Amino acid sequence: MDRIAIIGGAQLNGTIPVSGAKNSAIKLMAASLLTDEPLRLTNMPRLADTRFLGKLLTRLGVQVTESDGPDGQQTLLHAPEITSGFAPYDLVRQMRASFNVLGPLVARSGQAKVSLPGGCTIGARPVDLHLQAIEALGAKIDLHEGYVYAQAPRGLKGAEITFPFVSVGATEHAMLAAVLADGVSVIHNAACEPELVDLQECLNAMGAKVEGAGTPTVTITGVPRLHGATHAVIPDRIEMGTYAVAAAMAGGEVRLSNARPGLIDALLDKLKEAGAGVEETADGCIIRRDGQRLNAVDIETAPFPGFATDLQAQFMALMTTAKGESRIRETIFENRFMHAPELMRLGADISVSGGEARVRGVDQLEGAEVMATDLRASVSLVIAGLVARGETTVSRIYHLDRGFERLEEKLGACGAQVRRIKGDGEAEL
Ligand code: UD1
């Protein structure tokens, strides 16, 4: 399997273009199941996760064509008919978001058999809220031997869906299913993440009637059919935030372009508080640090617009060399501190107790061999490696390849000494 090697010490200077959001792209791809006309997605990231979902969709009857057009990287998805409503364990277990094909399959063809998912090893991550939503919309749900059997032979019906707590995936799933339901659906306590707004815009471009995404109440007036559309995937706020942290860690001046203001304000506020220079621009931001050591600051993860859990590991890496002690509270996922022991191999001083980590900044990290444990954790090790003395080698980077497009190239263009060491065989997806 491939590894990434980083030689620490180089500052970052230059521009990093932000790619389209992985977390949005994979839900938008699932929306192609809802229509027999082509859906063209532009600003598409090319990642293991998007390739992987493409494989699953192909099996269900979607023709998936990737190309590089005048609008950049795009993917055309066309499902003239659903040829199978079966999403097998082998394909779903490797990426949790694959489970979101269930709703569109039932909405369009009245039935589906979808394996219960796997995904990142960050806590239990059940799908009870997803099933609650699909069931509320009138599908009959049965669970047998690890599979969800869903049936709605006469179509789905509009419903009131009240989530007991906020879930991004379940809100998206409910939206994807309700657009073709008969009547009006209202989702209460909906997630407000920008990817929900992106999904609403794409679905509406396809002829759906969705209002309120980005607020806790989303209203969907069902339509009998959707049509084709072209939609540009929203910029990846997690990728943007990751490189913002990388720049603050390594020092120098990095401009993040092709993004949008307002997507990572909670992080930018914390970077400012720590002493980094932050300037918002029309299409992103500029992050500067001139060699002065950052101060320790505390964070607590929260649903959008709070501090994103997907940036927690990166921020912890940043705090390992800050002045003082930082308290990092994780409130979204249990078991999301698996990067802490790996950072400690690099010399970080971290203690974890329940949902809280205390990071006492050290003067210098030392390069070592470390292992990626999940998607965001893996990039935190690369960030730490940017300042560690000597060489840091990160193994199991198939986690990294799931969510970061051309990472070595983007960091390398700003002066980082990062290279990929090819393994014996290709990483299994
Ligand atoms: C999405 C993102 C992920 C991000 C997370 C929170 C994608 C592909 N992934 O994950 O990167 O970290 O939002 O911003 O978009 N839960 C239940 N039952 C359910 C659903 C969720 O108990 O049916 C729990 C989860 O275990 C977790 C919490 O709800 O503790 C929030 O999870 P959720 O918002 O659903 O995250 P995902 O959609 O899986």
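The values are calculated or read from the model by the stated rules, or taken from the named source; none is laboratory data. Please read these numbers as outputs of a predicted model, since none were measured by experiment. FYI the Cβ positions are ideal-geometry reconstructions off the backbone, even for glycines, and counts take in every protein chain you see. Keep in mind that these areas ignore ligands, DNA and RNA; they rest on the heavy atoms of the full protein, side chains included. Shrake-Rupley method; radii C 1.70, N 1.55, O 1.52, S 1.80 Å.
Here is a check on your reading of the model: is E369 surrounded by fewer than 24 Cβ atoms within 10 Å (Cβ to Cβ), in contact with a strand residue (DSSP E or B) (Cβ under 7 Å, 6 or more places away or on another chain) and either among the charged types (D, E, K, R) or outside the structural domain of L53 (by TED's automatic domain parsing) (or both)?
Working: surrounded by fewer than 24 Cβ atoms within 10 Å (Cβ to Cβ): yes; in contact with a strand residue (DSSP E or B) (Cβ under 7 Å, 6 or more places away or on another chain): yes; either among the charged types (D, E, K, R) or outside the structural domain of L53 (by TED's automatic domain parsing) (or both): yes.
When the stated conditions are applied, E369 passes them.
Hey, among L28, L41, L33, which residue is buried (at least 24 other Cβ atoms within 10 Å of the Cβ) and away from the ligand (no atom under 16 Å from the Cβ)?
Answer to the check: L33.
Does segment 1-25 hold any residues that are in a strand (DSSP E or B) and open to solvent by less than 10 Å² (accessible area, probe 1.4 Å), and which are they?
First pass over segment 1-25, keeping only residues in a strand (DSSP E or B): 3-7, 12-17, 20.
Matches in segment 1-25: I4, A5, I6, L12, I16, G20.
Identify the single condition in (1) closer than 20 Å to D198 by Cα; (2) touching a helix residue (DSSP H, G or I) at 6+ places or on another chain (Cβ under 7 Å); (3) open to solvent by 50 Å² or more (accessible area, probe 1.4 Å) that G103 does not satisfy, given that it satisfies every other one.
Looking at each condition in turn, G103 falls short on (3).
What do you reckon, is P164 open to solvent by 30 Å² or more (accessible area, probe 1.4 Å), within 11 Å of the ligand (Cβ to nearest atom) and at pLDDT 95 or above?
yes
For (1) at pLDDT 95 or above; (2) in the same structural domain as Q73 (by TED's automatic domain parsing); (3) open to solvent by less than 20 Å² (accessible area, probe 1.4 Å); (4) in a strand (DSSP E or B), each residue gets a yes or a no:
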| position | (1), (2), (3), (4) |
| --- | --- |
| V297 | yes, no, yes, no |
| A313 | yes, no, yes, no |
| A317 | yes, no, yes, no |
| I332 | no, no, no, no |
| I350 | yes, no, yes, yes |
| A377 | no, no, yes, no |
| A384 | yes, no, yes, no |
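Mind listing just one residue for me: the one in segment 326-359 that is within 19 Å of N295 (Cα to Cα) and of a type in the set (A, V, I, L, M) and, of those, nearest to the ligand (Cβ to nearest atom)?
Restricting to residues being within 19 Å of N295 (Cα to Cα) and of a type in the set (A, V, I, L, M), the top hit is I328.
Any residue in segment 118-133 that is over 22 Å from F52 (Cα atoms), open to solvent by less than 80 Å² (accessible area, probe 1.4 Å), assigned by TED's automatic domain parsing to the domain that holds D36 and of a type in the set (D, E)?
no
V64: out of contact with any Cys (no Cβ under 9 Å at 6 or more places or on another chain), open to solvent by 10 Å² or more (accessible area, probe 1.4 Å) and either within 28 Å of V210 (Cα to Cα) or at pLDDT 95 or above (or both), yes or no?
So V64 passes the test.
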